[in-house]
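Bear in mind that the values in this text are calculations on the coordinates, not laboratory data. A quick note: this is a predicted structure, and the numbers were derived from the prediction, not measured. When we count neighbours, we look across all protein chains shown, and the Cβ atoms used for this are built from the backbone with ideal geometry, even at glycine.
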Amino acid sequence: MSEETADVVIVGAGAAAAAFAWSLAETRMKIVCLEQGGWMNPSEYPSSQEGWELRGFGDFGLSPNSRGRSEDYPVNDSESPIAISNFNAVGGSTILYAAHFPRLHPSDFRTRSLDGVGEDWPIDYTTLEPYYDENALMMGVAGLAGDPAYPPKELPLPPVPLGRLGETLGRGFNQLGWHWWPSDSAIATVEHRGRAPCINLGPCLTGCAQGAKGSTDVTYWPEAVRRGVELRTHCRVREITMDENDMADGVVYYDADGVERRQKAEIVVVACNGVGTPRLLLNSRSANFPNGVANRSGLVGRNLMFHPYAMVQGVFDEPLDGYKGPMGCCIMSHEFYETDPARDFVRGYSFEITRGMGPVSTAISGISSGNISWGPDHHRTYASQFNRITGMVVICEDLPELENRVSLDSNLTDSNGIPAPKIHYRLSENSERMLEHAVARGKEVLVAAGARETSAQAPLPFAGWHLMGTARMGVDPEQSVVNEWGRSHDVKNLFIIDGSIFVTSGAVNPTNTIQALSLYIADQMKQRLDNLFD
Amino acid sequence: MAIEEAPSELSNEEMQFLAQVLDAIIPPDEDGGSPGAGEVGLGDILQQKSPALVPVLKQGLTALSREMESRQLVDFGALSPNEKCSLLERIGGQHPDFFPGLLFPVYANYYQQPRVLKTLGLEARTPYPLGYDLESGDLDLLDPVRNRPPFYRRC
């Protein structure tokens, strides 16, 4: 079956693709987006259903390997201490993310110059600043101006409520003289662009039934579709195809019925995240690209960065109302973000103060922690924990290393027979020292806030949410996969716009920067339409 | 030879025994008003929600009966809390799916029961559509941070 050639085909419909498609749509080009998942139905999200807490361990769980959804592809992460957590649907992983939405710091773009590690980005904070601002309006970012950890910035919506929990932790930070600030959050705290305001449901990580959380299925995509973008769901792309001039000429994909189809295009844009993108590029082999398309540098899949996470928790005597409010968005601290030569590691980390747990999650976590007894002491021990536990996750900057990488698994395939990705990753000594420092500081602030006991887990094994660096940007074709505006060095009509192109990881959640980058790349393309392939 | 199908339900006698075991895992709390896990009807709930658990329950209850017989004990419900704990831990050595395997489904389902949620001061409902009120909090607490000079690295 022949199909009309599109001007642009975008692979993936997550955070990056949505922003990019919306922006590029004003050119009136024919844009087709292929997404292996479907549209989510918010009325089916767990928070509106019986057994809502348990579904976070089941069909809305973190791992694509255990959720049992046909839209997911398997990932062999058995050789990594950190497992992949992603989601495949219109909106991608923003469906399940916490919507914690900080920007990178200016120093994140200059780690080589400042600290002698990683590489400098070919762009800087000021390049992305207008796109951060544009993204804040589109995603609906809540926050408070005046944060001394950042250059001045304005956010369009009032901050998420502190609640008792945020106040308690804030006092702890104040006692130690450490920085804290209400989290930048992609959460509509008031009605915004047709989205209803947050009503503090709690379990944002299993989808927002209210539609207040800024997942791109409710932010960019409806507007992009209205602008004429064609979004085809349940279409899984197998490979990018090439013509005799080393130009991409389209993609081959399987539709919802498993039928192989082809979409021709003048421009191919890849937005499949830091694991899915190298997987697609490595699966796209041809005579001139025997090691995968856009991979003459040999760097596709290399320099995989997560953010090594720790979780630090405290138990308090007073109730905290922690089961109310956006669970990943309360306050944040960047006290230890920047390099301090007095420490035994370079770069730094941030604290993302989380909220608490519901009644079932409290009970279940009490089994593994041993803090809740069964038998005669059950009710006393349960009461000492329920609504009294809170804490933080630590987000450590990960540095690029060649040996941390995504390859293709030689045996594992998805339901269409496409080779699955395999993760090779080890924690660096720098990350281990950083985690150790962070756990000690986290416990310190919890005790200052009044915690009677603390506990920690580092690294968090299921925390491979942030997937970066596997097709990085740069000006040198030997040292990078795409140029400073996202175009492949090797294939002049192939663009990559997701977290793969990060040069370093920073120490904050990457979605805001992923989207700012994709808006920036879309703008660069619009400005160069007459000579885009030169 | 005909293959015998595993029974899909517990007998009445087994259900009564299971209720006693569940009450040993989460006993009634007379001070706080919390019901026991057996008293709240968790046996029926487990059987309905998790048919795969039925053979595990049968095997565990049978093993527990045998252990009681070997100790010349008759009525599990009449034993002291410590005796009940001792028996369950003993059985757990050979039947870990039964105990402590039972803890997860018991906890997970107990804390969804309206009577239980009420004792915790919670409404028996899903978070959506009503949501929750949450105080915005005192942003004056930020004054020490506001007064701090910018500390990001300029570059």
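Hull volume per residue, based on the alpha-carbon atoms of the stretch A:361-443 and their convex hull, is 181 Å³.
Projecting the Cα positions of A:GLN457, A:PRO376, A:MET468 onto the charge dipole of chain A (unit charges on Cβ atoms of Lys, Arg, Asp and Glu, taken about the Cα centre) puts A:PRO376 furthest along the positive direction. Applied to the stretch A:194-199, the Karplus parametrisation 6.51 cos²θ - 1.76 cosθ + 1.60 on θ = phi - 60° returns per-residue 3J(HN,Hα) values of x, 8, 6, x, 4, 10 Hz, with x for Gly and Pro. For chain B, the membrane-span-like helix rule (DSSP H, alpha carbon extent of at least 15 Å along the helix axis, mean Kyte-Doolittle at least -0.5) picks out B:12-25, B:53-70; this says nothing about an actual membrane. Ordering A:ASP498, A:ASP530, A:ASP246, A:ASP7 from the fewest to the most neighbouring beta carbons within 10 Å gives A:ASP530, A:ASP7, A:ASP246, A:ASP498.
Cα centroids of the stretch A:232-286 and the stretch A:385-441: how far apart, whole angstrom? What the calculation gives is 27 Å, centre to centre.
So if R0 is 30 Å, what FRET efficiency would B:ASP97 and A:ARG426 give, r being the distance between their Cβ atoms, rounded to the nearest 0.05? Efficiency computed from Cβ-Cβ geometry: 0.30. Shown for chain A: lysine pairs separated by 8 or more places, or found on different chains, whose C-alpha atoms are under 24 Å apart, numbering 9. Neighbours of A:SER518 by Cβ distance under 12 Å: Lys/Arg scored +1, Asp/Glu scored -1, total -3.
Suppose we look only past 50 Å in the calculated P(r) of the protein assembly as shown. What percent of the Cα-Cα pairs does that tail hold?
17
Pairwise Cα separations in the stretch A:254-384 fall into 10 Å bins from 0 onward with the following percentages, short to long: 9, 22, 18, 20, 19, 10, 2, 0.
Computed on the stretch A:472-534, the Cα convex hull volume stands at 70 Å³ per residue.
Note on chain A: with charges restricted to the Cβ of Lys and Arg (+1) and Asp and Glu (-1), its dipole about the Cα centre is near 820 debye.
By the rule of a C-alpha distance below 23 Å, with chain neighbours fewer than 8 residues away ignored, the lysines paired with B:LYS84 are B:LYS58. Among B:ALA63, B:ALA24, B:ALA108, the largest mean-square fluctuation in a Gaussian network model of chain B, built with springs joining Cα atoms closer than 10 Å, belongs to B:ALA108.
Could you pull out the longest piece of chain A with no exposed loop GluC sites (Glu not before Pro) in it, calling a site exposed if DSSP puts it outside H, G, I, E, B and it has at most 13 other Cβ atoms within 10 Å? In chain A, the maximal stretch lacking such sites is A:245-402. If only the Cβ of Lys and Arg carry +1 and only the Cβ of Asp and Glu carry -1, the dipole of the stretch A:26-138 around its Cα centre is close to 200 debye.
When restricted to Cα atoms, the stretch A:48-203 yields an Rg and a Dmax of 18.8, 53 Å, respectively. Normalised by the number of residues in the stretch B:12-127, the average gap of Cα pairs under 8 Å and 6 or more apart makes the relative contact order 28 percent. Considering only A:PRO148, A:ILE389, A:ASN288, the residue lying farthest towards the positive end of the dipole of chain A is A:ILE389, judged by Cα position with unit charges set on Cβ. For the residues of A:369-378, the average number of beta carbons from a partner chain within 10 Å of their own beta carbon is 5.
Residues A:MET139, A:MET40, A:MET392, A:MET247 in ascending order of nearby Cβ atoms (within 10 Å, fewest first): A:MET247, A:MET40, A:MET392, A:MET139.
With N as its number of residues, the stretch B:12-127 has a Cα radius of gyration that, divided by 2.2 N^0.38 Å, comes to 1.08.
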